[in-house]
Amino acid sequence: MAAIFNRMIRETTMATGWAGDGAVHDQIDATIKDAIKRARSRVPKGPSLKRCEECDAAIAEARRKAVPGVRMCVPCQAERDKQQANLSGYNRRGSKDSQLR
Ligand SMILES: [Zn+2]
């Protein structure tokens, strides 16, 4: 029985190309882990601040309610987002290059 089972596994492996799928799964895994890491780093900690931690500008009550744990005023947050977008854009280009190679 064991021999038949082993043969079935071998044939299934050849038919579906599991080895190739494994590489794809690794790639997806890394992408998801990266996304989770990035999302976690963006989660603000602690209560919403009344004043921007960057420039000390007052943060509107509406913004503090809309963004729990907000730490920066809109212009500073936009600046920070722009920097992060640049960083992730750089990473995307980097991984695309390595895939082409
Ligand atoms: Zn600010």
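Given the protein chains as shown and a 1.4 Å probe, how many square angstrom of Lys82 are accessible, to the nearest 10?
Its heavy atoms expose roughly 110 Å² to the probe.
Enumerate the amide H contacts of Arg51 below 5 Å, restricted to partners 5 or more residues apart or on another chain; note that Pro and chain-start residues carry no placed amide H.
The list, which skips near neighbours in sequence, is Ile59.
The values are calculated or read from the model by the stated rules, or taken from the named source; none is laboratory data. The structure presented is a predicted model; accordingly, all values stated were derived computationally and were not measured. The accessibility values were calculated without ligands, DNA or RNA, using every heavy atom of the protein model including side chains. Shrake-Rupley method; radii C 1.70, N 1.55, O 1.52, S 1.80 Å.
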